[in-house]
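What follows draws every value from the coordinates through simple rules; no lab data is involved. Since the structure is predicted, the reported quantities are computational estimates derived from the model, not experimental observations. Don't worry about glycine lacking a Cβ; one is built from the backbone with ideal geometry, like all the others, and counts go over all protein chains shown.
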Amino acid sequence: MKKYFILFGFMTAVLFFGCGKAKVSVTLAGSTAFQPFAEKIAEKYMASNPNITVTVQGGGSAVGIQSANSGAAQIGMADLVKLPDEAKSLTSTVVAQDGIAIIVHPKNKAVNLSIEQLRAVFNGKIQNWKEIGGSDAPITVVSREAGSGTRSSFEKIVTGITLVNNAVIQNSNGTIRETIANDENSIGYISHGILNDKVKALMIDSVECTTESIIAKKYNLVRPIFLLTKGAPEGEVKNFIDYILSDEIQAMIKKDGLLPVK
């Protein structure tokens, strides 16, 4: 009987240690602009590293900074022109750049806005599409919530914006895109990386929001994508960030609509 117990114990140990390494978790939170790209990268990374679980959550750039600071996430994601003071204690790594597309419904006749006109629309000084090349219809302004990196970057680049009181507020780039796709008189802004044929990107100062014009520095509504960690990245966190910066993933990022940093 003793031999059976020894054999059982040995087989249990083999099963426990031989089935592979213990699962390691990496959690990201923050930017909804980068979230779909991070999710796709995470799936690819986990396929090659079955002992790693990578969880990606949204919430906006402010949440990304708070999560990295508190330890709720090992990596905070932020899409901001400039990081705020509360992120100064964090280690930042730029993994991509992203244009901010100004979008309308595909049936909207407007084609091009100057920065001055764009500012006036979001301030509520221009309230009818006929003033800027569209039909005779009231403009519905759609914006992100306070704390959004996309909103913060948009307002910092355009400058002088006091958002019109009746703006429709949405909590992600995706919900703004869907709102615009279902309202012919609306205007909003989203990550260039999630443009699709449901919406139309306007030219700004006669420059199209394309990968080529962003790379050529002709299109000016651009912000970096930061990954933030508490201290220098180590272990699997560092491995995952290095993976995003690899030639393979930087090429995938470019193909999917963001701008690589390498």
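Observations on the structure shown:
- Dipole magnitude of the chain, debye to nearest 20 (Cβ charges: Lys/Arg +1, Asp/Glu -1, about Cα centre): 600
- Amide H within-cut-off set for Leu221, under 5 Å, with H built and near neighbours excluded: Ile100
- Matching label, Kirkwood radius over Cα pairs in Å computed from the structure shown, candidates (i) 19.9; (ii) 21.5; (iii) 18.2: (i)
- Here the Gaussian network model covers the chain, with springs between Cα atoms less than 10 Å apart; of Glu145, Glu116, Glu208, Glu116 fluctuates the most.
- Residues whose placed amide H lies under 5 Å from that of Gln74, excluding near-sequence neighbours: Thr27
- Cα-based equivalent ellipsoid, the range 99-215: semi-axes from gyration tensor eigenvalues, Å: 18, 17, 15
- Remark: Tyr45, Tyr189, Tyr219 ranked as Tyr45, Tyr219, Tyr189, counting other beta-carbon atoms within 10 Å and listing the fewest first.
- Computed [θ] at 222 nm, deg cm²/dmol, the chain (DSSP H ≥ 4; -39,500 (n - 2.57); rounded to nearest 500): -10500 deg cm²/dmol
- Descending by average beta-carbon neighbour count within 10 Å, the peptides 237-243, 26-32 line up as 26-32, 237-243, the highest first.
- Sorted peptide list for 124-133, 69-78, 166-175, criterion being average Cβ within 10 angstrom, highest first: 69-78, 166-175, 124-133
- Stretching the chain fully between Lys109 and Lys198 yields a gain of 30.5 nm (0.36 nm per residue, less the alpha carbon separation).
- Listed from fewest to most Cβ neighbours within 10 Å, the set Asp98, Asp136 follows the order Asp136, Asp98.
- Selected from Gly99, Gly60, Gly235 as most flexible by GNM, with the chain as the system and alpha-carbon contacts under 10 Å: Gly235
- Amide H contacts of Gln170 (H built 1.01 Å from N, under 5 Å, at least 5 apart or other chain): Ser143, Arg144, Glu145
- Alpha carbon Rg of the range 15-117, scaled by the compact-globule rule 2.2 N^0.38 Å: 1.44
- Additional length obtainable on full extension of the chain from Glu234 to Glu184, 0.36 nm per residue less Cα span: 13.2 nm
- Net charge of Cβ neighbours under 14 Å - reference Gly160; Lys, Arg +1; Asp, Glu -1: +1
- Taking every full run of DSSP H in the chain, none both stretches at least 27 Å from end to end by Cα along its long axis and averages -0.5 or higher on the Kyte-Doolittle scale.
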